[in-house]
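Structure record follows, encoded as structure tokens.
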Amino acid sequence: MKPLLFAANWKMHLHPGEARTFLQRFLQLDQPRPGRTVAFFPSIRDST
């Protein structure tokens, strides 16, 4: 089976602390699986 990539654009308009909290919670709920990758892509203007 081909590896799967789940990718999401970041459009949530969160402040850095809120984004950190969201991702910490996401990682608690996500169960890593072989052959699957999850990626978030923040917009460049919100990354500074």
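The values are calculated or read from the model by the stated rules, or taken from the named source; none is laboratory data. Only a predicted model underlies this, so the values are computations on that prediction, with no experimental measurement involved. Positions of Cβ are backbone-derived with ideal geometry, glycine not excepted, and every protein chain shown enters the neighbour counts.
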Checklist entry - Are there any pairs with C-beta distances below 6 angstrom linking a residue in segment 15-36 that is on the phi > 0 side of the Ramachandran plot to a residue that is outside any helix (DSSP H, G or I), with the two at least 6 apart or on different chains, and if so which? => result Gly35/Pro3
Checklist entry - Do you know which residues across segment 18-46 are among the basic types (Lys, Arg) and modelled with pLDDT of 80 or more? => result Arg20, Arg25, Arg33, Arg36
Checklist entry - Within segment 12-44, which residues are surrounded by fewer than 10 Cβ atoms within 10 Å (Cβ to Cβ) and either among the aromatic types (Phe, Trp, Tyr) or not in a helix (DSSP H, G or I) (or both)? => result His13, His15, Gln31, Pro32, Arg33, Pro34, Gly35, Ala39
